[in-house]
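**Student:** Okay, handing you the structure first.
The values are calculated or read from the model by the stated rules, or taken from the named source; none is laboratory data. The structure displayed is predicted, hence computed values, not measured ones. Please note: Cβ atoms are built from the backbone with ideal geometry, for glycine as well, and neighbour counts cover all protein chains shown.
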Amino acid sequence: MQNTVGQQSMRATQHAKTATHCPYCAFQCGMLISGSHGQAAIAGNASFPVNKGALCIKGWNAAALLTHPDRLQTPLMRNADGVLVPVTWDEALAHIANSFVAIQQRYGKDAIGLFGSGSLTNEKAYLLGKFARVALGTSQIDYNGRFCMSSAAAASITAFGMDRGLPFPVEDIPHAKAILLVGSNIAETMPPLLQYFEAQRNNGGKLIVVDPRASITTRNAHLHLRLTPGSDAALANGLLHILIREGLVDQDYIHARTEGFEQVRGCVATYWPEQVERISGVPEAKLVQAAHMLGNARSAMILTARGAEQQSQGVNNTLAYINIALALGLVGRPHSGYGCLTGQGNGQGGREHGQKADQLPGYRKITDPAARQHIAAVWGIPENDIPGPGKSAYEMLDSLGQEDGVRGLLVVGSNIVVSAPRALHIQERLKALKMLVVSDFFLSETASLADVVLPSAQWAEEEGTMTNLEGRVIWRKRAFEPPPGVHTDIEILCSLACSLGKGQYFPLSEPRQIFEELRCASARGVADYSGITYEKIEANQGVFWPCPSEDHPGTKRLFQDHFPTPTGRAHFSVIRHQAPAEVPSPDYPLYLTTGRVLAQYQSGTQTQRVAQLREMAPEAQVEIHPTTAKSYGLVNSDTAKLTTPRGSALFTVKVTASIREDTVFVPFHWSGQQSVNRLTNPALDPTSRMPEFKVCAVRIERFEQSMEV
Ligand SMILES: Nc1nc2c(c(=O)[nH]1)N[C@H]1C(S)=C(S)[C@@H](COP(=O)(O)OP(=O)(O)OC[C@H]3O[C@@H](n4cnc5c(=O)[nH]c(N)nc54)[C@H](O)[C@@H]3O)O[C@H]1N2
Ligand SMILES: Nc1nc2c(c(=O)[nH]1)N[C@H]1C(S)=C(S)[C@@H](COP(=O)(O)OP(=O)(O)OC[C@H]3O[C@@H](n4cnc5c(=O)[nH]c(N)nc54)[C@H](O)[C@@H]3O)O[C@H]1N2
Ligand code: SF4
Ligand SMILES: [Mo]
């Protein structure tokens, strides 16, 4: 049997037909699909060098959704009684086009918005960005990567001049003598990546984890720094303070390859370990131990994920960790460096090809005249027709239905009712729209609010490229035809462009034809895909960007001898710790932090429909420390009501010593009364516009039936 709970790291044994990749996270495990649409069998692809045959439980069960009874099979449109009823594609598309045109005539081009996703293939992400600017002429496009990758991306661009999540392949991990893993729970969020950490450990390497929780990932760590939520920048500055004090920084590297160190040295001089202990709760002795492990290692890596990034100080937190990597001379050195562990399946490629409010394909800036000229030529439109930058994801959602805001919205690949912060408010904003269109495989919570729902093809039913967390562009092959009545997002966008009278710019094409256009659009950009072809991907098990010509092998490792900054040097940034936007108070005395569990994916639309995954994680639980639970009279399996200034929600109590006494943790995969995003704070990072999912202040009480929620 292949698809059983205990077999998640089982290696592939079976020969199968189509070599493709998992629909879920950024590890993009290679998998083999055989059988038929209704009875597809999945095996890990042992010859794909990244996962080497291993899959996690979500990957093993991915095929269960292809012919799931909840699958949308026909477009739906809201009738006069407010009920969603089946309609033909022609009716649905004509209605959308007419409404969008009417809205734009009345309120202007920017009254139509698009919300995209890091789940989309490169081809779809590219087409969505082009659709916004060319078919609709709107500046209002952003995507869920703003909730995911934006802080690390902004930090990398500031420090190194470009952003590729990991600037080295995962095969380097086993050779790092020390790793600082920050705000990342890979044991649950990317289990097959653990094999590289196990190899690192077997090679004598050390692992330090920075997390307010003793997550499953921390179990194998040599050192766990259990910081107060929201104190990463102080902790990082404290580590750098010790490294400088003890002469462990790499002066030659700092001198040859960086700028701005003196100012940072001056700043971190005031982050005395005892003061950092007060802010972060991490004992001075542990800070010193961590600094020694990192500073004395011949090779070392610093890896961050959402824990430090999803904060109103997310960019600064990341920059503070990057300062350590630069001071130790790690960036560009063998088996060393700074990297961000990207999250969604195409979290990397999805942030490169123009579905971001301020961006054009090839990771170009929409405000850069040269970039605009290049893309206008590829698209065959005058440069002036390309709109300027639009609002960031949360700001666009906050504007829905408002004066000067978006009145009609097309959502492709996101379930914002569940995943956006301050979810009750966002739900109200969505209801204020004149027209909400959602493309999805299932009637998600967001789709159920829509005026028109479009049934879209799933991963195994369409081909396209994805870019994994290493920057490796891979080919997700098609195994089956979509069910009758279901269209691909590419078909949907091209047909809609036709209905909008812009068909000449969107000839109905195969993904590989769109990829050919993407290659031209990205040429000479930061994320240059121009030398990548489907055939080259096939022959090489993926190609790393930048890859500027067909005879170029691709770039596995970045920054080895220079940085793509104006001076060729990396930049240190002076970072001062600032408290999160909301800290505990007498009314809301605890910290609330949020994240993920192994068996569920994101807003749960997909994984909650798989029986095996539902059984493993059937409901949202609040993790609470035994001492804290006792003080509130809570025991396991009680229902707790959590309240913040944004709203209330109900969770089942899980008493565990793995959490700090002053903090509770809730995963965000559930909706309705179990939606933790009813509670989260939409305070945004000033640079990345990333919401503060990881820290807010909360009140907790035992739920009684008489209470309101
Ligand atoms: N099972 C599963 N896997 C997934 C996903 C999923 O939904 N489910 N989603 C994918 C996606 S899109 C993403 S972005 C990745 C996310 O992958 P991760 O970043 O690994 O996941 P999270 O659980 O969001 O957060 C990681 C850790 O941050 C810690 N943390 C909380 N507050 C702080 C803080 O102030 N500082 C620090 N240093 N740490 C803190 C949390 O306790 C948590 O253990 O996972 C991907 N993989
Ligand atoms: N509290 C809290 N909230 C968070 C986070 C957190 O850590 N804490 N993390 C944030 C992060 S990192 C992320 S990435 C977001 C993710 O949250 P969402 O953006 O909601 O992501 P998904 O749940 O993956 O939503 C994808 C939806 O699109 C559909 N879908 C998937 N692929 C495709 C496709 O190719 N085409 C179409 N048409 N539909 C598709 C799925 O069925 C699903 O309904 O959540 C964010 N929200
Ligand atoms: S680790 Fe990610 S890509 Fe691999 S099987 Fe699990 S969800 Fe899929
Ligand atoms: Mo994410």
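**Student:** Looking at (1) over 27 Å from Gly30 (Cα atoms); (2) part of a strand (DSSP E or B), which is the only condition Leu181 fails?
**Tutor:** Of the numbered conditions (1) over 27 Å from Gly30 (Cα atoms); (2) part of a strand (DSSP E or B), the odd one out for Leu181 is (1).
**Student:** For the stretch 134-156, which residues satisfy the criterion of being part of a helix (DSSP H, G or I) and under 17 Å from the mean Cα position of the chain (by Cα)?
**Tutor:** Restricting attention to the stretch 134-156, the residues satisfying the condition of being part of a helix (DSSP H, G or I) are 134-136, 144-147, 150-156.
Of everything in the stretch 134-156, those that are part of a helix (DSSP H, G or I) and under 17 Å from the mean Cα position of the chain (by Cα) turn out to be Asn144, Gly145, Arg146, Phe147, Ser150, Ser151, Ala152, Ala153, Ala154, Ala155, Ser156.
**Student:** Here are some residues: Phe100, Phe131. Which one is part of a helix (DSSP H, G or I), more than 22 Å from the chain's Cα centre (by Cα), within 16 Å of ligand 2 (Cβ to nearest atom) and surrounded by 22 or more Cβ atoms within 10 Å (Cβ to Cβ)? If you could, list the steps in order and put the result at the bottom.
**Tutor:** On the way: Phe100 fails: within 16 Å of ligand 2 (Cβ to nearest atom).
Being part of a helix (DSSP H, G or I), more than 22 Å from the chain's Cα centre (by Cα), within 16 Å of ligand 2 (Cβ to nearest atom) and surrounded by 22 or more Cβ atoms within 10 Å (Cβ to Cβ) holds for just one of Phe100, Phe131, which is Phe131.
Residues are listed down the side, and each one gets a yes or a no for (1) more than 20 Å from Gly332 (Cα to Cα); (2) of a type outside the set (Phe, Trp, Tyr); (3) without any contact (Cβ under 8 Å) to a residue 40 or more places away in the chain; (4) crowded, with 24+ Cβ neighbours inside 10 Å:
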{"residue": "Trp272", "(1), (2), (3), (4)": "yes, no, yes, no"}
{"residue": "Arg278", "(1), (2), (3), (4)": "yes, yes, yes, no"}
{"residue": "Ala290", "(1), (2), (3), (4)": "yes, yes, no, yes"}
{"residue": "Thr304", "(1), (2), (3), (4)": "no, yes, no, yes"}
{"residue": "Gln311", "(1), (2), (3), (4)": "yes, yes, no, yes"}
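**Student:** Can you work out which of the residues in the stretch 292-302 that are buried (at least 24 other Cβ atoms within 10 Å of the Cβ) and either within 25 Å of the chain's Cα centre (by Cα) or in a loop (DSSP other than H, G, I, E, B) (or both) is nearest to ligand 3 (Cβ to nearest atom)? Working first, answer last.
**Tutor:** Residues of the stretch 292-302 buried (at least 24 other Cβ atoms within 10 Å of the Cβ): 294, 300-302.
Right, trim to either within 25 Å of the chain's Cα centre (by Cα) or in a loop (DSSP other than H, G, I, E, B) (or both) and you get 300-302.
Numbers: Ala300: 25, Met301: 20, Ile302: 22 Å.
Only one residue fits best here, namely Met301.
**Student:** Against the definition (surrounded by 22 or more Cβ atoms within 10 Å (Cβ to Cβ) and within 16 Å of ligand 1 (Cβ to nearest atom)), how does Ala125 come out, yes or no?
**Tutor:** Values: surrounded by 22 or more Cβ atoms within 10 Å (Cβ to Cβ): yes; within 16 Å of ligand 1 (Cβ to nearest atom): yes.
So Ala125 fits the description; yes.
**Student:** Of these, Glu352, Glu383, which one is crowded, with 23+ Cβ neighbours inside 10 Å, acidic (Asp, Glu) and modelled with pLDDT of 95 or more?
**Tutor:** Values: Glu383 fails: crowded, with 23+ Cβ neighbours inside 10 Å.
On inspection, the qualifying residue turns out to be Glu352.
**Student:** Same structure, new question: What is the one condition in (1) under 19 Å from Arg213 (Cα atoms); (2) buried (at least 24 other Cβ atoms within 10 Å of the Cβ) that Pro691 does not satisfy?
**Tutor:** (1)
**Student:** If Tyr591 meets every condition in (1) within 16 Å of ligand 4 (Cβ to nearest atom); (2) in contact with a strand residue (DSSP E or B) (Cβ under 7 Å, 6 or more places away or on another chain); (3) hydroxyl-bearing (Ser, Thr, Tyr) apart from one, which number is that one?
**Tutor:** Of the numbered conditions (1) within 16 Å of ligand 4 (Cβ to nearest atom); (2) in contact with a strand residue (DSSP E or B) (Cβ under 7 Å, 6 or more places away or on another chain); (3) hydroxyl-bearing (Ser, Thr, Tyr), the odd one out for Tyr591 is (1).
**Student:** Looking at (1) crowded, with 16+ Cβ neighbours inside 10 Å; (2) more than 24 Å from the chain's Cα centre (by Cα); (3) assigned to a loop (DSSP other than H, G, I, E, B), find the lone condition where Lys536 falls short.
**Tutor:** Of the numbered conditions (1) crowded, with 16+ Cβ neighbours inside 10 Å; (2) more than 24 Å from the chain's Cα centre (by Cα); (3) assigned to a loop (DSSP other than H, G, I, E, B), the odd one out for Lys536 is (3).
**Student:** Taking the criterion of being of a type outside the set (A, V, I, L, M), part of a loop (DSSP other than H, G, I, E, B), farther than 18 Å from Asp638 by Cα and within 16 Å of ligand 3 (Cβ to nearest atom), would at least one residue in the stretch 681-698 satisfy it?
**Tutor:** Filtering the stretch 681-698 for residues of a type outside the set (A, V, I, L, M) gives 681-682, 685-689, 691-694, 696.
Next, from what is left, pick out any that are part of a loop (DSSP other than H, G, I, E, B): 685-689, 693-694.
Now narrow it down to the ones that are farther than 18 Å from Asp638 by Cα: 685-689, 693-694.
Keeping just the survivors that are within 16 Å of ligand 3 (Cβ to nearest atom) gives none.
Among the residues of the stretch 681-698, not one is of a type outside the set (A, V, I, L, M), part of a loop (DSSP other than H, G, I, E, B), farther than 18 Å from Asp638 by Cα and within 16 Å of ligand 3 (Cβ to nearest atom), which makes the answer no.
**Student:** Just checking, which of Ala581, Ala599 is assigned to a loop (DSSP other than H, G, I, E, B), modelled with pLDDT of 95 or more, in contact with a Leu (Cβ under 6 Å, 6 or more places away or on another chain) and of a type outside the set (Val, Ile, Thr)?
**Tutor:** Working: Ala581 fails: in contact with a Leu (Cβ under 6 Å, 6 or more places away or on another chain).
Sole residue among the options that is assigned to a loop (DSSP other than H, G, I, E, B), modelled with pLDDT of 95 or more, in contact with a Leu (Cβ under 6 Å, 6 or more places away or on another chain) and of a type outside the set (Val, Ile, Thr): Ala599.
**Student:** What are the pairs, 6+ residues apart or on separate chains, where a residue within the stretch 331-345 that is closer than 15 Å to Ser150 by Cβ has its Cβ under 9 Å from a residue that is away from ligand 3 (no atom under 16 Å from the Cβ) and among the polar types (S, T, N, Q)?
**Tutor:** Pairs found: Cys340/Ser151; Cys340/Ser156; Cys340/Thr304; Cys340/Thr318; Leu341/Thr304; Gln344/Asn144.
**Student:** Something else about it: Given the conditions (1) farther than 19 Å from Arg306 by Cα; (2) more than 16 Å from ligand 1 (Cβ to nearest atom); (3) under 28 Å from the mean Cα position of the chain (by Cα), and given that Ala617 satisfies all but one, which numbered condition is not satisfied?
**Tutor:** Of (1) farther than 19 Å from Arg306 by Cα; (2) more than 16 Å from ligand 1 (Cβ to nearest atom); (3) under 28 Å from the mean Cα position of the chain (by Cα), only one is false for Ala617: (2).
**Student:** Residues of the stretch 440-473 being crowded, with 24+ Cβ neighbours inside 10 Å and part of a strand (DSSP E or B), which ones?
**Tutor:** Within the stretch 440-473, Val453, Leu454, Pro455, Ser456, Gly464, Thr465, Met466, Thr467, Arg472, Val473 meet the criteria.
**Student:** Output the number of the condition that Ala26 fails; it satisfies all remaining conditions of (1) within 16 Å of ligand 4 (Cβ to nearest atom); (2) of a type in the set (A, V, I, L, M); (3) more than 18 Å from Asp489 (Cα to Cα); (4) touching a Lys or Arg at 6+ places or on another chain (Cβ under 9 Å).
**Tutor:** So the condition that Ala26 fails would be (4).
**Student:** Tally up the residues in the stretch 597-618 that are of a type in the set (Val, Ile, Thr) and within 11 Å of ligand 3 (Cβ to nearest atom), please. Write out each step before concluding.
**Tutor:** Of the stretch 597-618, the ones of a type in the set (Val, Ile, Thr) are 597, 605, 607, 610.
Those still in the list that are within 11 Å of ligand 3 (Cβ to nearest atom) too: 607.
Selection size over the stretch 597-618: 1.
**Student:** I'd like to check something: does the stretch 142-151 contain any residue that is touching a strand residue (DSSP E or B) at 6+ places or on another chain (Cβ under 6 Å) and more than 16 Å from ligand 2 (Cβ to nearest atom)?
**Tutor:** no
**Student:** Mind checking which pairs have a first residue in the stretch 469-480 that is charged (D, E, K, R) and a second that is in a loop (DSSP other than H, G, I, E, B) and crowded, with 24+ Cβ neighbours inside 10 Å, Cβ under 6 Å, 6 or more apart or different chains?
**Tutor:** Correct list of pairs: Glu470/Leu166; Arg472/Gly542; Arg478/Glu462.
**Student:** Another question, then. How many residues does the stretch 475-518 hold that are under 26 Å from Pro167 (Cα atoms) and buried (at least 20 other Cβ atoms within 10 Å of the Cβ)?
**Tutor:** Taking the stretch 475-518 as the starting set, the residues that turn out to be under 26 Å from Pro167 (Cα atoms) are 475-477, 515-518.
Filter once more, so that each one left must be buried (at least 20 other Cβ atoms within 10 Å of the Cβ): 475-476, 515, 518.
Of the residues in the stretch 475-518, 4 are under 26 Å from Pro167 (Cα atoms) and buried (at least 20 other Cβ atoms within 10 Å of the Cβ).
**Student:** Also, I was wondering about something else. Can you tell me which residue is nearest to Val574 (Cα to Cα) among those in the stretch 236-265 that are of a type outside the set (A, V, I, L, M) and free of Cβ contacts under 8 Å to residues at least 12 places away in the same chain? Don't jump to the end; show me each part of the working.
**Tutor:** Filtering the stretch 236-265 for residues of a type outside the set (A, V, I, L, M) gives 237-238, 241, 245-247, 250-253, 255, 257-263, 265.
When the remaining residues are screened for being free of Cβ contacts under 8 Å to residues at least 12 places away in the same chain, the result is 245, 247, 251, 255, 262.
On the way: Arg245: 18, Gly247: 20, Gln251: 18, His255: 17, Glu262: 10 Å.
The extreme case among them is Glu262.
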